[in-house]
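Heads up, the thing below is written out as C-alpha cells.
The values are calculated or read from the model by the stated rules, or taken from the named source; none is laboratory data. Keep in mind that what you see is a predicted model, and the values were worked out from it rather than measured. In this analysis, Cβ positions are derived from the backbone assuming ideal geometry, glycine residues included, and neighbour counts consider all displayed protein chains.
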Amino acid sequence: MSGNLDLHKTERNGFVRTGGIGGSLFLVALGAILYFAVSAEAEGFSINTVGLILMIVGVIGLVLTLIMTASAEKTERESGGVTIVERD
C-alpha cells in the first residue's frame with residue numbers, strides 16, 4: 001500500500017481508511033484561501049465561489065466523519081497487558 005494514505009490494518013476487514021478528518025480540514029483550508037485571499041477573476045467563473053463550495057464540502061465531510069467515528073461500535077479486550085479496541 002502507498003505510504004501517503006492513512007490506513008490501519010484490521011483482522012476482520014482488511015484495510016480501513018481513517019483520513020476523513022485530515023481531508024476535510026484540507027478542503028476547508030484550501031477553500032478559505034481561495035475565498036478570502038485570491039482575487040482572480042474570469043468571465044463566467046469565480047474563484048471565490050469555488051472556495052466557498054470547498055469550505056462547505058469540507059465542513060460537511062468533517063461533520064459526517066465525526067458522526068461516523070462517534071457512532072462506531074467499540075469492543076475492548078485485554079491481550080497480554082495491551083488493550084485492543086475493535087470496531088464493527
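Just name the residue that is surrounded by the fewest Cβ atoms within 10 Å (Cβ to Cβ) out of those in segment 28-59 that are part of a helix (DSSP H, G or I), of a type in the set (A, V, I, L, M, F, W, C) and over 17 Å from the mean Cα position of the chain (by Cα). Step through it out loud before you land on a result.
Going residue by residue through segment 28-59, those that are part of a helix (DSSP H, G or I) are 28-37, 47-59.
Right, trim to of a type in the set (A, V, I, L, M, F, W, C) and you get 28-30, 32-34, 36-37, 47, 50, 52-57, 59.
If we keep only those that are over 17 Å from the mean Cα position of the chain (by Cα) too, we end up with 33-34, 36-37, 47, 50, 52.
Details: I33: 14, L34: 20, F36: 11, A37: 9, I47: 16, V50: 15, L52: 15.
Looking at the filtered set, the residue picked out is A37.
When you look at L25, is it at pLDDT below 85 and surrounded by 12 or more Cβ atoms within 10 Å (Cβ to Cβ), yes or no? Step through it out loud before you land on a result.
Working: at pLDDT below 85: no; surrounded by 12 or more Cβ atoms within 10 Å (Cβ to Cβ): yes.
Judged against the criteria, L25 is not a match.
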